[in-house]
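Each reported figure results from applying straightforward, stated rules to the coordinates on display, with no laboratory input. Just so you know, these numbers come straight off a predicted model, no measurement behind them. Quick reminder, even Gly has a Cβ in these numbers, built from the backbone with ideal geometry, and neighbours come from all protein chains shown.
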Amino acid sequence: MGSFDLISSFEVEYAPVNVKKWKSNRTGLEVCLIAKESPSVSGWFALATEIFDDSGCPHTLEHLVFMGSKKYPYKGLLDILGNLAFSTTNAWTATDQTVYTLMTAGWEGFKMLLPAYLDHILHPTLTDEACYTEVYHIDGKGKKKGLFILKCREFNLSLLSLRFWRNKEPFIQSQPIDQRQEDLLRICVP
Ligand SMILES: [Zn+2]
């Protein structure tokens, strides 16, 4: 299969499936296939996006990826194409990786969406305009706007987030929780 070497192939005991894994000797890209007859087809695309500060760059990148690619520079294109293929697209960013998901009803839809989806992940346009509308801008009334910043605000003010911050670093742990909350409010509230 081109530059890909088969590095693993095995059956699992708990399900009637075969798992195969290939690795490209040219790029290091790894592909894992779980072959199972099923009405839905799922693809998970994991990229290493580890960062060592709290700037939020990997999560910002995740949002911008869906704003258009070199070949398909249109916001919302994946959603429109996705509706045709009964599909859902999503993504999450963890501390060391960003995972983009694509699920369709059947292989035909997956095959149709895959080139556009991969172009978004591998060749996003990352324009200033997308950054303003999707991530952050200040509107005519001096309010902080942008989907990303609003979602972050919602999360940052949640109990889950405050617990996360408390456990994250001794430095933050030593801060009174309302000080942290105050800082977050200052950053996130319009
Ligand atoms: Zn997000």
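In this structure the amide hydrogen of V17, modeled in the peptide plane, comes within under 5 Å of the amide hydrogens of V12, none closer than 5 places in sequence on its chain. Computed extension length for E108-T127: 3.7 nm, one decimal, from 0.36 nm per residue of separation with the Cα-Cα distance subtracted.
In this calculation the C-beta distance from L47 to V12 is compared with R0 = 30 Å, giving a FRET efficiency of 0.70.
With K and R counted +1 and D and E -1, the other residues having a Cβ less than 15 Å from that of T101 yield a net charge of -2.
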